[in-house]
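Engineer: Right, I'll just put the structure down here and ask away after.
The values are calculated or read from the model by the stated rules, or taken from the named source; none is laboratory data. This is a predicted model, so every value here is computed, not measured. Every residue, glycine among them, receives a Cβ derived from its backbone with ideal geometry; neighbour counts consider all protein chains shown.
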Amino acid sequence: MEPDTLHETATELRLATFRLARRLRSVRPIDRRNAAMSDAQLAVLGALRTHGRHSLTALADRERVTPPTMSALVTGLEEQGYVIRIPDEVDRRRVHVEITPDGEAIVVATFERRTELLKAEIVELGLSDEELQTLHTASILMRKLAEQ
């Protein structure tokens, strides 16, 4: 791929991803106790639901935030009953974080609402089968890029 084409692709991907993420974030988490759950907190819950129990350090690394930031996010989620801290059986100074059933319920409901929004917008575009396949393939590549 030529440098100009690579630059243009990266620019278009950045712009599209930013706009799409903003649209999805407009669908706020359904949280009867705290309507102001942050996207960062929802991301932590999503990571715990998908990948299971993590140490604070591993969770900070996964979400690409500093350990103090992760500690603050987890403290807020713990206060709301969405995660619990579990002391490490070998090293008592180390703590693991696990999602609770209430935390799982928030993630499932919010992610489903966001998926339904995307589905409706895809239908509204009236994409052909070929375009839908291209979008599917692109989504797989975008996930690889995001998880790098």
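Engineer: Determine if the stretch 100-110 includes at least one residue that is touching a strand residue (DSSP E or B) at 6+ places or on another chain (Cβ under 7 Å) and not aliphatic (A, V, I, L, M).
Structural biologist: Yes, that holds for at least one residue.
Engineer: Just checking, which of T100, T115 is exposed (fewer than 14 other Cβ atoms within 10 Å of the Cβ) and of a type in the set (S, T, Y)?
Structural biologist: None of the others qualify; the one that does is T115.
Engineer: Identify, by number, the condition in (1) within 29 Å of A60 (Cβ to Cβ); (2) surrounded by 11 or more Cβ atoms within 10 Å (Cβ to Cβ) that I140 doesn't meet.
Structural biologist: Every listed condition holds for I140 apart from (2).
Engineer: Can you tell me which residue within the stretch 49-71, out of those that are farther than 15 Å from E147 by Cα and of a type in the set (A, V, I, L, M), is surrounded by the fewest Cβ atoms within 10 Å (Cβ to Cβ)?
Structural biologist: Checking each candidate, the answer is L56.
Engineer: Continuing with this model, one more query. Being in contact (Cβ under 8 Å) with a residue 12 or more places away in the chain and under 19 Å from the mean Cα position of the chain (by Cα) narrows it down to one residue among L118, L141; which is it?
Structural biologist: L118
Engineer: Considering only residues that are outside any helix (DSSP H, G or I) and touching a Lys or Arg at 6+ places or on another chain (Cβ under 6 Å), look in the stretch 98-148 and name the one that is nearest to S26 (Cα to Cα).
Structural biologist: I99
Engineer: Also, I was wondering about something else. Go through the stretch 34-68 and count every residue that is among the charged types (D, E, K, R) and either in contact with a Gly (Cβ under 6 Å, 6 or more places away or on another chain) or in a loop (DSSP other than H, G, I, E, B) (or both).
Structural biologist: Counting residues in the stretch 34-68 that are among the charged types (D, E, K, R) and either in contact with a Gly (Cβ under 6 Å, 6 or more places away or on another chain) or in a loop (DSSP other than H, G, I, E, B) (or both) gives 2.
Engineer: Mind checking which residues of the stretch 9-28 are within 16 Å of A120 (Cα to Cα) and not charged (D, E, K, R)?
Structural biologist: Correct list: L20, A21, L24, S26, V27.
Engineer: Only residues in the stretch 53-73 that are farther than 18 Å from R93 by Cα and modelled with pLDDT under 95 count as the first member; pair them with residues that are assigned to a helix (DSSP H, G or I) and hydroxyl-bearing (S, T, Y), Cβ under 9 angstrom, at least 6 apart or cross-chain, and list the lot.
Structural biologist: E63/T69
Engineer: With L15, L24, L45, L6 as the choices, which residue is surrounded by 15 or more Cβ atoms within 10 Å (Cβ to Cβ), at pLDDT 90 or above and among the hydrophobic types (A, V, I, L, M, F, W, C)?
Structural biologist: L45
Engineer: If you don't mind, another one. What about V74, is it outside any helix (DSSP H, G or I) and surrounded by 13 or more Cβ atoms within 10 Å (Cβ to Cβ)?
Structural biologist: Criteria not met by V74.
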